[in-house]
1. How do 95, 169, 78 rank when sorted from fewest to most other Cβ atoms within 10 Å of their own Cβ?
2. Pairwise over distinct Cα atoms, reciprocal of the mean inverse distance: report the Kirkwood radius of the range 68-173 in Å, one decimal place.
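A short reminder: the numbers here are calculations on the coordinates, not readings from a lab. These figures come from a predicted structure and were not determined experimentally. Here the Cβ is made from the backbone with ideal geometry for all residues, glycine too, and neighbour counts use every protein chain on show.
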Ligand SMILES: [Zn+2]
């Protein structure tokens, strides 16, 4: 299936005019992994959150597909995004390592801690499907979302990545 979206401004995951535009967290990871590729005309990241040798682009072990996600009201838009992030190997590898939560001092809401728990739950569960309860519980901290109102998947992705980046920067500053 192909989507032909109208042109729009702001951050976008699509390839526009031969340039891939990615949200900040992915962008700094990308620059870190491929400095030569991103060096031309792009500023270096202010701070490198992870050194390139710690980023594993492929799965570190073979695993069977994890659990599916139940729709808890009108939450299919966020399930889609959670599944995409769960099956992004460099991110999932990092989350499964629990490197973040081992030194997280965040009181209350922390998107990285939520994602660590979520990815672990999905990939290690023997159930066919699980309920992404922690994400639903903290939905109001992620963005302007409510479990019973259909939301926009792209907007949820943008807010989730932004909240994850914020958590990473908090971690680094303590
Ligand atoms: Zn945390």
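1. On the way: 95 24, 169 14, 78 28.
Ascending Cβ contact count within 10 Å gives the list 169, 95, 78.
2. On the way: mean 1/r = 0.0716 Å⁻¹.
Taking every pair of different Cα atoms in the range 68-173, averaging 1/r and inverting gives 14.0 Å.
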